[in-house]
Structures are given as C-alpha cells and as structure tokens.
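Structure, as structure tokens:
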Amino acid sequence: MDLERKSLGLGRAPALVVVDMIRGFTDPACPLGCDCPEVVAANAALLEAFHSRGLPVYFTRVVYHRDDQARVFRDRIQALNVLTPQSRWVQVDERLEVGAGDEIIDKQWASAFHGTDLAQRLRERGVDSVVVTGLTTSGCVRATAVDGLQYDYRVVVAREAVGDRNSAAHEANLFDLHAKYADVMGLAEVIAQLPAPPDSHAAAGGHDHG
C-alpha cells in the first residue's frame, strides 16, 4: 500500500539544479553517455523559463581533480575516470545555455549536495525549493532529490527533464521519488508554478493603475 502524501510544489523562491548535463553523459560516444535529445530539449525549456524570471540556476559537473577523490566509486564505475578537468566530457552540453549569473558546481559523488557547498549557496540566495533535472534518474538525480529534502527544501523533479540509460529504472525511481521525497511533475506544470517574469509584473502593474 502506498504512503499517504501531500504535494507541496514549489515555494516562492525556487532554484533550478541541473544535474550532470555534461557531454560525458549526453554523448553516446562517451562510455558513460546516452542519446537523450528529448531530455536536453526539456532542460533547455526550463533554463529559458528560469533565466527569463531571473531565478537562480546551478549546473553540476562530475570532475575528478585528483586520483584519491571518490576512489571507491571510481573503482566500481571505472568509466568515471575519463571525467578529468581537461576532458571535453566535463563540459556542459553545448545545446544548453549557461547564463551569465548561473553557477557551476563540481562534484565527485552522486548527490549535488555531498561534498559541495550547494546547500550554503542556496541559503545565501534565500531559496526555498528546488527543481531537480538531469542525468541519471536512478543515480545522481535521485541522490540530489533525496538530499534536497534532507536539507529541508521542497523538491520538484521535472519528469521530461530527467533520463536514464535503463527505462525500467527510470520509471521505478520516479515512482519512488514521488512516493516519498519529491513531487514529480510534468514540464508544463513546473513552469506554471514559477513566479511570473518581471515584465509581466510591470504589465500587470500598469494595467492596475490604468
């Protein structure tokens, strides 16, 4: 029997956390990669929505600067060793716009929060909720969403903007995330919950005074 749960949605000050949408994961030429143009397109749409509203955006990248970083993880998944600072695989997919105010966070483990200062950055920006997107649903997306809840943020996972090499794992993890840790929403619903863009506030204000 499923747990009773309440959908919380986004707060008044959301941020977008784009998890590992780097070439190493979006290019099937890399041993870690898969072909996921629909996930890239959904992230591009979300980025446009966040940028147009001046909302915070954080991109994460898996990068290993030293041989001793995440040693057990890398021994287990040896293809991770290609993710060095000089490699093109650690660059954000060129189909996604990194805005001037966006922040890039290097990480070594699955969660965007573990071993990084993401939680501190969110607090400094007054963020109260996060939209988590990226790759992969059963790995780094799940870990980031669970940690987001554990840092007391409302977490929303945009269904079309996450992907996995394994479709069964993708669906199972979306089900599990929605049951316990996050609200899994369609892309249009996520965008509809965002605050209105600044120009629409000005237009509304003009109309009210007219």
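The values are calculated or read from the model by the stated rules, or taken from the named source; none is laboratory data. Here the structure is a predicted model, which means the values were calculated and not measured. Positions of Cβ are backbone-derived with ideal geometry, glycine not excepted, and every protein chain shown enters the neighbour counts.
Some observations on this one:
- Given (1) β-branched (Val, Ile, Thr); (2) assigned to a helix (DSSP H, G or I); (3) closer than 22 Å to Ala145 by Cα, index of the condition Ile105 fails: (2)
- Members of region 79-100 found to be more than 17 Å from Ala45 (Cα to Cα), part of a loop (DSSP other than H, G, I, E, B) and in contact with a strand residue (DSSP E or B) (Cβ under 9 Å, 6 or more places away or on another chain), listed by number: Leu83, Pro85, Gln91
- Residues (free of Cβ contacts under 8 Å to residues at least 40 places away in the same chain and either in a loop (DSSP other than H, G, I, E, B) or touching a Pro at 6+ places or on another chain (Cβ under 9 Å) (or both)) located in region 191-200: none
- Residue match in region 33-40 (condition: crowded, with 21+ Cβ neighbours inside 10 Å, within 25 Å of His178 (Cα to Cα) and either at pLDDT 95 or above or among the hydrophobic types (A, V, I, L, M, F, W, C) (or both)): yes
- Only a single item in (1) farther than 16 Å from His51 by Cβ; (2) charged (D, E, K, R); (3) part of a loop (DSSP other than H, G, I, E, B); (4) touching a residue at least 24 places away in the same chain (Cβ under 8 Å) is not met by Asp68, and it is number (4).
- Contacts under 8 angstrom Cβ, first residue in region 117-137 being within 14 Å of Phe59 (Cα to Cα) and of a type in the set (Asp, Glu), partner surrounded by fewer than 24 Cβ atoms within 10 Å (Cβ to Cβ) and modelled with pLDDT of 95 or more, 6 or more apart: Asp117/Ile105
- Hey, Ala15 over 20 Å from Leu187 (Cβ atoms), modelled with pLDDT of 95 or more and not in a helix (DSSP H, G or I) or not: no
- Filtering region 45-65 to residues that are touching a residue at least 60 places away in the same chain (Cβ under 8 Å), surrounded by 19 or more Cβ atoms within 10 Å (Cβ to Cβ) and under 15 Å from Leu96 (Cα atoms) leaves Leu46, Phe50, Tyr58, Thr60.
- Scanning region 1-32 for residues that are on the phi > 0 side of the Ramachandran plot and of a type in the set (Asp, Glu) yields a single hit, Asp20.
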